[in-house]
1. Can you show me the helix-derived [θ] at 222 nm for the chain, built from DSSP H runs with n ≥ 4 at -39,500 (n - 2.57) apiece and divided by the number of residues, rounded to the nearest 500.
2. Specify the angular offset, from 0 to 90 degrees and rounded to the nearest 10, of the alpha carbon long axis of helix 38-47 from the longest principal axis of the alpha carbons in the chain.
3. May I ask you to evaluate 6.51 cos²θ - 1.76 cosθ + 1.60, the Karplus curve with θ = phi - 60°, for each residue of segment 17-34 and list the ³J(HN,Hα) values in order in whole Hz, giving x for glycine and proline?
4. Please grab the % of Cα pairs in segment 67-110 that end up more than 14 Å from each other.
5. Can you give me the relative contact order of the chain as a percent, contacts being Cα pairs under 8 Å and 6 or more apart?
6. Taking amide H positions as placed in the peptide plane 1.01 Å from N, state which residues far from Thr20 in sequence (5 or more) or on other chains have amide H under 5 Å from it.
7. Let me see the pair-distance distribution of the chain: every alpha carbon pair, 10 Å bin width, integer percents in order.
8. Go ahead and collect, in residue order, the members of segment 57-87 whose backbone nitrogen is under 15 Å from a label point 7 Å along the Cα-Cβ direction of Asp113.
Amino acid sequence: MRQTTNPSSATRERPFAEWTVADVMERQVQTAHAGTMADVVAADMIEGFGSVPVVDDRRRLIGVVTEHDLLRLLDRGQRWGETKAEAIMSVNPYSVRPETRLGTLIHVMQASDLIRVPVVDVEDKLVGIVARRDLLRAYLGAKERGVNSRP
């Protein structure tokens, strides 16, 4: 189940340009392991996000499985129940730190055509995920409250 992080009152008073990924990221993220079967990953996507981060036993980010990856399997005639996440995941995915400014993230997401970006700490452990939708929601909320909403 997806839970939206609501910016704190202190965040809501700061200009939008000063907000960070930590202010808007989703903290409860559905994850998979390298050995998770693609059909399980697909079921998680339907209930949550359109991509599922793949983590190791220490919760370090090792890859991401996207809707595109699953559709590619279907196009090739492969069965989801016979394919592990490690066989279809994108390795070394782009990620950000919680302290990354939203303006920087917006630029990178636009330049790289990213929809969702995993958020990792200094040890590369997954601590959240941020989607385009989270950024739009945060911007609209700042604008409604009259906070300086310039990115």
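Every number in this text was worked out from the coordinates using simple rules, so none of it is lab data. Treat the numbers as computed from the prediction; the structure is a model and nothing was measured. As a convention, Cβ positions derive from the backbone with ideal geometry for all residues, glycine included, and neighbour counts pool all protein chains shown.
1. Values: 7 runs with 56 residues, N = 151.
Per the formula, -10000 deg cm²/dmol.
2. Result, in degrees: 30.
3. With coefficients 6.51, -1.76 and 1.60, one gets 4, 9, 5, 10, 4, 4, 6, 10, 5, 7, 8, 9, 10, 6, 10, 10, 10, 3 Hz.
4. 61 percent
5. Relative contact order comes out at 30 percent.
6. Leu102
7. 11, 39, 31, 14, 4, 0
8. In segment 57-87, the label zone of Asp113 (backbone N under 15 Å from the point 7 Å along Cα→Cβ) covers 67-69.
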